[in-house]
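The values are calculated or read from the model by the stated rules, or taken from the named source; none is laboratory data. Here the structure is a predicted model, which is why all the values come from computation and not from measurement. For neighbour counting, all protein chains shown are included, and Cβ atoms are generated from backbone atoms with ideal geometry for every residue, glycine included.
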Amino acid sequence: MLIKPKWYSLLPDYLKPPTEKIDKLDKLCRKYNVPNEIFAGWISESDWGTIKTQETMLKQLRSEMRGSSDKEVWQAVVMSRIQSYMFTFATDSNLHQLTPIVESYINKSELIESWHDVLKLIFQLDEEFNNVLSVSKSIVVSPISKMIEDQVHEILNE
């Protein structure tokens, strides 16, 4: 593909899908006439996107935290995810629901023993935050949107 789709240009470099997946993703985007911003969001919010984002954060924190143990860097990755959620989504109306989640995950991060543990913890954290946020915002996802998003996830994980 010579010209990259608009949704592709909206993604940071570390979230750009491999070349062999672009055509398939773009066909899906065009087939359902998904706005580019939403399609890029689905890519970044996919499990694949979460892993790529956390791998990038790991690399950045390793560089910043030279001399720190793997566990300290892994804990910093989890903390960065927590801070990102709190900065982006915490409001006066949901803070009482988010604070116990944050405290729980800070404690759980003490038990991290591997990168796999970090990713598992982050996926659990994402699920808990999404549950609180979807209830507090009464978000309703259409079955068609969910189906397309699931197809995006499948393509990225092939």
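A few notes on this one:
- Answer from 25, 61, 95 - the residue that is at pLDDT 95 or above, more than 18 Å from residue 119 (Cβ to Cβ) and either aromatic (Phe, Trp, Tyr) or out of contact with any Lys or Arg (no Cβ under 6 Å at 6 or more places or on another chain) (or both): 25
- Qualifying residue in segment 121-129 (condition: modelled with pLDDT under 90, touching a helix residue (DSSP H, G or I) at 6+ places or on another chain (Cβ under 9 Å) and on the phi < 0 side of the Ramachandran plot): yes
- Residues considered: 120, 27, 71. Of these, the only one that is closer than 30 Å to residue 4 by Cα and either among the acidic types (Asp, Glu) or part of a helix (DSSP H, G or I) (or both) is 27.
- The residues of segment 9-20 that are buried (at least 16 other Cβ atoms within 10 Å of the Cβ) and either touching a Lys or Arg at 6+ places or on another chain (Cβ under 6 Å) or part of a helix (DSSP H, G or I) (or both) amount to a single one, 15.
- Pair list, Cβ under 7 Å, 6 or more apart: segment 45-57 residue surrounded by fewer than 16 Cβ atoms within 10 Å (Cβ to Cβ), other residue assigned to a helix (DSSP H, G or I) and at pLDDT below 95: 47/153; 47/157
- Picking from residues in segment 25-41 that are among the charged types (D, E, K, R) and over 21 Å from the mean Cα position of the chain (by Cα), the one that is nearest to residue 147 (Cα to Cα) is 31.
- Against the test of being assigned to a helix (DSSP H, G or I) and in contact with a helix residue (DSSP H, G or I) (Cβ under 9 Å, 6 or more places away or on another chain), the options 63, 44 yield a single qualifying residue, 44.
- Residue 132 vs. criteria touching a residue at least 12 places away in the same chain (Cβ under 8 Å) and either more than 30 Å from residue 33 (Cα to Cα) or not in a helix (DSSP H, G or I) (or both): no
- Among all positions in segment 116-133, there is no residue which is surrounded by fewer than 11 Cβ atoms within 10 Å (Cβ to Cβ) and more than 25 Å from residue 15 (Cα to Cα).
- Looking only at segment 32-42, residues that are under 20 Å from residue 158 (Cα atoms) and either surrounded by fewer than 11 Cβ atoms within 10 Å (Cβ to Cβ) or out of contact with any His (no Cβ under 9 Å at 6 or more places or on another chain) (or both) come to 3 in all.
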